[in-house]
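Following: one structure in structure tokens, then a few remarks.
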Amino acid sequence: MSRRRVYIAYVGGTIGMRQSQRGYAPEPGFLAEQLAENPRMRAPELPEFTLHEYAPLLDSSNMGPSDWMRIARDVQVRLEDNGPDAYDAALVIHGTDTMAYTASALSFMLEGLRKPVLITGSQMPLHRIRSDGYDNLITALILLQRFAPRMAEVMVYFGGRLLRGNRSKKIDGEYFAAFDSPNLPRLGTVGIDFDLSWDLIRGPEQAQGPFRVQEIGSASVAAFRLFPGLKASALHAMLAEVQGLVLECYGAGNAPHRDQAFMRALESARDRGVVIVDVPQPIHGCADLALYETGRALLDVGVISGFDLTPEAALAKLLYLLEKDPSPDAVRAQMQTDLRGEMSLPTSLES
Ligand code: ASP
């Protein structure tokens, strides 16, 4: 098999960090230096790759929509070419802390994507003897070498798991299998063999429209996690600042409907055009607002169900939709439409 070409955008993260006086911090040039010294990185099983290091390198806790924009534009430029020297895929090396947000955002922003964009990183820096960095990096590259032409979506590869980006979630701060996709089976599992679920992986034939980047970053959104004892005034103050809110509710999407000030805060925000999306706090599950009285009351004040969206994907999707067409009705309708495999619709709503 001929060697494919992979563009690596090295954005930051623990993988290339070194211990500083103030804890782990990214160090320019350090990752490239280690890769250049390692003969495994020149193995013929790997694709040809070009590593582009971002400046400054970022701990992903410092990242936000402007960084997602930068990655999206960069990836677009590298992947849009289809000539003989074109890149077949992009690999983004990224910190784990906000990887699920970036993966979700890129999945929406990269409209009409027809090639794979894979995101990886590591729990331990590459220079540490027990680092998980080489396994993640090398396996991610081999996945792209072997399967790139059949893949056309934003994915996360981490700790033996291949996941849909907008379904991914950081579920572990300690073990190497740090990510999972609680509401969708994994796209693949990697052990001695590659066990991929081709019925789930989105291929180029599923892409629609021209390949373009939807800019995001000007809309104002927030996430709010309900907790017992919440003062409605705090929620009210937050709702005054935003066009959209991801409301992380209890259980199947339930909330304290007997708290009248709470309900009024939601209702008046709805009347001002704020889009409020209910996602469940349990890691695994789907918001079903019709199930309990405490959920139905939310429907009455205009809250919409985000079904089984992760809070990360719900936030990214809100930012994206508010940018495309800020009219609240349009955003509400699109929020409940599956755009990139990010949500499973209840059977009653499937078209
Ligand atoms: N703080 C790091 C980051 O997100 C954590 C990691 O990469 O694992 O950049």
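Assorted remarks:
- Against the test of being β-branched (Val, Ile, Thr), at pLDDT 95 or above, closer than 18 Å to residue 149 by Cα and within 15 Å of the ligand (Cβ to nearest atom), the options 75, 92, 11 yield a single qualifying residue, 92.
- Condition check for residue 70: among the basic types (Lys, Arg), loosely packed, with under 13 Cβ neighbours inside 10 Å and within 16 Å of the ligand (Cβ to nearest atom): no
- Scanning region 105-149 for residues that are farther than 27 Å from residue 339 by Cα and of a type in the set (Ser, Thr, Tyr) gives 122, 131, 134, 139.
- Filtering region 271-308 to residues that are surrounded by 19 or more Cβ atoms within 10 Å (Cβ to Cβ) and over 20 Å from residue 227 (Cβ atoms) leaves 274, 275, 286, 304, 305, 307, 308.
- Restricting region 132-171 to residues that are assigned to a helix (DSSP H, G or I) and within 16 Å of the ligand (Cβ to nearest atom), the residue that is nearest to the chain's Cα centre (by Cα): 165
- When we screen 108, 158, 147 for residues that are surrounded by fewer than 24 Cβ atoms within 10 Å (Cβ to Cβ), touching a residue at least 12 places away in the same chain (Cβ under 8 Å) and not basic (Lys, Arg), the only hit is 147.
To keep it simple, each residue is scored yes or no on (1) of a type outside the set (Asp, Glu); (2) farther than 23 Å from residue 153 by Cβ.
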| site | (1), (2) |
| --- | --- |
| 10 | yes, no |
| 22 | yes, yes |
| 27 | no, yes |
| 38 | yes, yes |
| 42 | yes, yes |
| 48 | no, no |
| 54 | yes, no |
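- Here residue 48 does not qualify as within 16 Å of the ligand (Cβ to nearest atom), in contact (Cβ under 8 Å) with a residue 24 or more places away in the chain, touching a strand residue (DSSP E or B) at 6+ places or on another chain (Cβ under 9 Å) and more than 22 Å from residue 211 (Cα to Cα).
- A single member of 56, 65, 39 is within 28 Å of residue 20 (Cα to Cα), out of contact with any Leu (no Cβ under 6 Å at 6 or more places or on another chain) and within 16 Å of the ligand (Cβ to nearest atom), and it is 56.
- Residue 207 vs. criteria of a type in the set (Gly, Ala, Ser), modelled with pLDDT of 95 or more and over 20 Å from the mean Cα position of the chain (by Cα): no
- For region 14-36, a residue qualifies if it is more than 16 Å from the ligand (Cβ to nearest atom) and either at pLDDT 95 or above or among the aromatic types (Phe, Trp, Tyr) (or both), and the qualifying residues are 29, 32, 33, 35, 36.
- Output for region 111-139, where each listed residue is surrounded by 24 or more Cβ atoms within 10 Å (Cβ to Cβ) and β-branched (Val, Ile, Thr): 117, 119, 120
The values are calculated or read from the model by the stated rules, or taken from the named source; none is laboratory data. Since this is a predicted model, take the numbers as computed values, not measurements. Don't worry about glycine lacking a Cβ; one is built from the backbone with ideal geometry, like all the others, and counts go over all protein chains shown.
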